[in-house]
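Below is one structure, written out as C-alpha cells, with a few remarks after it.
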Amino acid sequence: MKNLTQNAILNTFEEMLREMPFDKITVSALTKRCGINHNTFYYHYQDIYSLLKDWIDRVRLRLLCCDEQMNWDDAIGLLLKKCQENESLVNH
C-alpha cells in the first residue's frame, strides 16, 4: 500500500509540474488533487522539497535503466530527446 500511495503522490506531482512551475505547487493543492490527506503526504515526505528530490531520483533512474550498455553520447542524446519531448516539464 505504501508504494501505491507514494506512486500516486509522485504521479500527481509530475502532472502538476507539467502544468505549473514548481514554486506554485503546494502540499495542499497536491493532496487535494491526489485524494489524500496531509498526514498521508507527510508520512511519505518531509516537505515538498523531499518530494522533488524523490521525483528527480525517479526520473534519473528511468533514464539510466533503459540500457546499461549505453555509452555517454547515446545517454546524453536520450536525455536531450526526453527534455525536448517534455518541454513544459523542463521549463517548470
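The values are calculated or read from the model by the stated rules, or taken from the named source; none is laboratory data. Just so it is clear, the model here is predicted, and its values are computed rather than measured. A quick note on method: Cβ atoms are made from the backbone with ideal geometry, for glycine too, and the neighbour counts reach across all protein chains shown. In case anyone asks, the SASA skips ligands and DNA or RNA and just uses the protein heavy atoms, side chains included. Shrake-Rupley method; radii C 1.70, N 1.55, O 1.52, S 1.80 Å.
Within the range 39-92, which helices (runs of 4 or more DSSP H) (wholly inside it) include 2 or more residues that are under 17 Å from A29 (Cβ atoms), at pLDDT 75 or above and aromatic (F, W, Y)?
Answer list for the range 39-92: 48-64.
Go through the range 1-20 and give me each residue that's out of contact with any helix residue (DSSP H, G or I) (no Cβ under 6 Å at 6 or more places or on another chain) and open to solvent by 40 Å² or more (accessible area, probe 1.4 Å).
Correct list: M1, K2, N3, L4, N7, N11, E15, E19, M20.
Look through the range 21-38, keep the residues that are at negative phi and not in a helix (DSSP H, G or I), and return whichever of them is least open to solvent (accessible area, probe 1.4 Å).
Checked the range 21-38; the qualifying residue least open to solvent (accessible area, probe 1.4 Å) is I25.
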